[in-house]
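Peer 1: This is the structure I have questions about; it appears just below.
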Amino acid sequence: MCTITVRIIKNFEFRVSKNIILQVDAARTTVGELKDICRKNIASDTKFKIFRTIDFNMLKIYTQAFGNKTQNLIINMDEFGFLLDDKATLEFAGIRNETELSFFNKDAYEAYVKSPVTKW
């Protein structure tokens, strides 16, 4: 069992996000199952009510324990870290204890990458 933090990102420009802290078995849980777990949390937890209009479809590694942190407070802007294979186990995808992930809409991310402006 490992503890992971999933950062649910509604909006990149305004840095609107909330965290889900999960205990998962990285050797048995797949990336697709993790996405489903997060979607169920969003649908059932009232703190995510404003997040329910977003189609969350992409996971990306934000940081890992004892690893480097990014300067961007909302998401890791590096080219690597995308979890693209929904059938891969978390362990195979490189998820370890205390890994932080970002869960977001891919189209919103691509628009933010083209123009990474933070608004208030």
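Peer 1: Take the alpha-carbon centre of region 31-59, take the same for region 1-27, and report the distance between them in whole Å.
Peer 2: Spelled out, the Cα-based centre of one part sits 10 Å from the other.
Peer 1: If you keep only loop residues by DSSP, which trypsin sites (Lys or Arg not before Pro) in region 1-84 have at most 12 other Cβ atoms within 10 Å of their Cβ?
Peer 2: Sites meeting the loop and neighbour criteria: Arg28, Arg52, Lys69.
Peer 1: Report the residue, chosen from Glu79, Glu110, Glu91, that carries the largest GNM mean-square fluctuation when the chain is represented by alpha-carbon nodes joined by springs under 10 Å.
Peer 2: Largest GNM mean-square fluctuation: Glu79.
Peer 1: Just the accessible area for Leu84, please: 1.4 Å probe, Å², rounded to the nearest 10?
Peer 2: Surface open to solvent at Leu84 totals about 130 Å².
Peer 1: In addition: Between Asp85 and Asp25, what FRET efficiency follows from the Cβ-Cβ distance if R0 is 22 Å, with the result rounded to 0.05?
Peer 2: Approximately 0.80, to the nearest 0.05.
Peer 1: Taking only C-alpha pairs under 8 Å that are 6+ residues apart, what is the relative contact order of the chain in percent?
Peer 2: So the answer I get is 40 percent.
The values are calculated or read from the model by the stated rules, or taken from the named source; none is laboratory data. Predicted model only: the values in this text are computed from it and were never measured. Positions of Cβ are backbone-derived with ideal geometry, glycine not excepted, and every protein chain shown enters the neighbour counts. To get the accessible areas, we keep the full protein, side chains included, count just its heavy atoms, and leave off ligands, DNA and RNA. Shrake-Rupley method; radii C 1.70, N 1.55, O 1.52, S 1.80 Å.
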